[in-house]
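Data first, discussion second: the structure below is written as structure tokens.
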Amino acid sequence: MKIGIICAMQEEIELLSQDIQTENSLTIAGRTFLEGRLYGKPVVLVRSRIGKVAAASTATTLIDRFHPDCIIFCGTAGGIGKGLHTGDIVVADRLIQHDVDTGTGNGFKIPQLNMDYFPTDPALSERLISAVKQYIQNGFTHDIPAQYLEEFGISAPKAVVGTIASGDQFICSKEKNQWLAEQIENLQCVEMEGAAVSQVCYEFGVPHAVIRVISDGADDASSVNFDSFIEHAACHFTRGGIKAFLESEQ
Ligand code: SAH
């Protein structure tokens, strides 16, 4: 089973790219695809860069050239769901493109595909959430220095399953946050790539999952929290979750 792993930002992918034993490295359209073994399992690891177009084109190349059996997208997100804090984890059961509006009153429906949302693969997502729970129980306090856990107010992170919405906007206002929460049932967090990868995977018929660690509250304080969190904590949650997942794979 070959697993495609995509992150948007260098900070998010940094530790995974240090750990991979690369057998083949190929740069296509500015993306470097590292094919090799990660914690003993065959993977292709790539940084997509930020946004829906970057993520969709990366997923397309990954599928077309490397033929992964499934794809996992990992990264950070702004928390919307009630009770979510920085350091909590969301695994998507479905993804919505919140910036789609064809002017026909059809909400976020993807034109000419007739999809309101894209479901993730239930079995893959379930294995991912178990792995992340394991990391939350055993790993993160060893990896993230205490001063940063204190700075971000992280003590007992939780992992939840729910809706993730993606759009080409960094959400950092209470008004937009509330509007999205009203429009989208069970919305847990917002980011800028997941649903684009979902659409590509849906159209190619490749099982996929999306996992996000909450970096900010998608509100007025967002940009301040974000830079520090991504540098000192996001990479550990990404590596910890993926490592636990790959080590649990048969
Ligand atoms: N300041 C950064 C841009 C970060 S964009 C720069 O200039 O490079 C935010 C990235 O983190 C995206 O990849 C997105 O998927 C995720 N993200 C985290 N919090 C988010 C939020 N509140 N709204 C939208 N995307 C968010």
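Assorted remarks:
- Neighbours by Cβ (under 9 Å, 6+ apart or cross-chain): first from the range 147-170, over 14 Å from residue 89 (Cβ atoms) and within 15 Å of the ligand (Cβ to nearest atom); second basic (Lys, Arg) and not in a strand (DSSP E or B): 166/52; 167/52; 168/52; 169/176
- Looking across the range 143-171, the residues that are of a type in the set (S, T, N, Q) and out of contact with any Lys or Arg (no Cβ under 6 Å at 6 or more places or on another chain) come down to 147, 155, 166, 169.
- The set of residues from the range 129-165 being of a type outside the set (Ser, Thr, Tyr) and either assigned to a strand (DSSP E or B) or more than 16 Å from residue 240 (Cα to Cα) (or both) comprises 146, 147, 150, 151, 152, 153, 159, 160, 161, 162, 164, 165.
- Per-region count, the range 1-21, residues more than 16 Å from residue 245 (Cα to Cα) and loosely packed, with under 14 Cβ neighbours inside 10 Å: 3
- When residue 58 is tested against the conditions (1) part of a loop (DSSP other than H, G, I, E, B); (2) within 14 Å of the ligand (Cβ to nearest atom), the lone failure is (1).
- For the range 176-233, filtered to residues that are of a type in the set (S, T, N, Q), within 11 Å of the ligand (Cβ to nearest atom) and part of a helix (DSSP H, G or I), the residue that is farthest from residue 52 (Cα to Cα) is 225.
- Output for the range 189-220, where each listed residue is of a type in the set (Ser, Thr, Tyr) and either surrounded by fewer than 23 Cβ atoms within 10 Å (Cβ to Cβ) or in contact with a His (Cβ under 7 Å, 6 or more places away or on another chain) (or both): 198, 202
- Residues that are in a loop (DSSP other than H, G, I, E, B) and among the acidic types (Asp, Glu), drawn from the range 166-175: 168
- Out of 78, 83, 40, one residue alone is under 20 Å from residue 136 (Cα atoms), among the small types (Gly, Ala, Ser) and away from the ligand (no atom under 13 Å from the Cβ). It is 83.
- Hits in the range 37-49 (condition: without any contact (Cβ under 8 Å) to a residue 60 or more places away in the chain and closer than 20 Å to residue 235 by Cα): 37, 44, 45, 46, 47, 49
- Checked across the range 99-117, the condition of being in contact (Cβ under 8 Å) with a residue 60 or more places away in the chain and within 13 Å of the ligand (Cβ to nearest atom) holds for at least one residue.
Computed from the coordinates by the stated procedures, all read-outs in this text should not be read as laboratory data. Small disclaimer: the values here were computed from a predicted structure and weren't measured. Quick reminder, even Gly has a Cβ in these numbers, built from the backbone with ideal geometry, and neighbours come from all protein chains shown.
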